[in-house]
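The structure appears below as structure tokens.
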Amino acid sequence: MIKYGISIPSTVRPAAKADFADILTLFREFSVFEKTSEKKHITLEQLTADEQYFQCFVAVADGQIIGYAAYFFAYYSWTGRAIYLDDLYVRDSHRKYGIGRQLLDTVINYAKESNCRTVRWLVYKWNTNAIDFYKKMGAHIDDTEMTCVLPL
């Protein structure tokens, strides 16, 4: 990807267990970026124990994980099979190089290969850069629903 004449070659691949510590670091960074660090409770031990449920693609540049897209399969009564994109994050130093697009395209292509009808996700209303990015990709932003979370 190129920005200001500078190129950052990156590849996107499925996450492996060996990536979990680096991904956890990105989880922390993302929670700070979203101004919700007090809500992040996941540990490396929990992520490892939940390995069979954790689905994620990572973006790698120069041997370092610089972004991730965590997702899971869902089923919606109105549209059927879908992928829910839980997180899409690229390190600040690597933004605006098309890496977020690369990650999102990977999730979208995987959803198509898996015969999903939609990809869904949330975006904070204050995150206008992300909203503009998603709209350019053709996403419909619906502000009629609110997120409900019931801790167990």
Taking the residues in the stretch 123-152 that are open to solvent by 90 Å² or more (accessible area, probe 1.4 Å) and outside any loop (DSSP other than H, G, I, E, B) as candidates, determine which candidate is nearest to Y97 (Cα to Cα).
N129
Qualifying positions in the stretch 6-56 - aromatic (F, W, Y) and within 22 Å of G98 (Cα to Cα)
F27, F30, F33
Can you name every residue in the stretch 23-79 that is crowded, with 16+ Cβ neighbours inside 10 Å and over 25 Å from P151 (Cα atoms)?
F57, V58, A59, V60, A61, I65, I66, G67
F27 fails exactly one of (1) over 13 Å from the mean Cα position of the chain (by Cα); (2) of a type in the set (A, V, I, L, M, F, W, C); (3) closer than 11 Å to R91 by Cα, namely (1)
Count - residues of the stretch 81-111 that are part of a strand (DSSP E or B) and open to solvent by 10 Å² or more (accessible area, probe 1.4 Å)
7
Which of the residues belonging to the stretch 72-123 are over 11 Å from the mean Cα position of the chain (by Cα) and of a type in the set (G, A, S)?
A74, S77, G80, A82, S93, G98, A111, S114
Test result for V12, of a type outside the set (D, E) and either open to solvent by less than 30 Å² (accessible area, probe 1.4 Å) or modelled with pLDDT under 95 (or both)
no
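The values are calculated or read from the model by the stated rules, or taken from the named source; none is laboratory data. Note that this is a predicted model, so its numbers are computed, not measured. Cβ atoms come from the backbone with ideal geometry, glycine included; neighbour counts cover every protein chain shown. Ligands, DNA and RNA are excluded from the accessible area calculation, which covers all protein heavy atoms including side chains. Shrake-Rupley method; radii C 1.70, N 1.55, O 1.52, S 1.80 Å.
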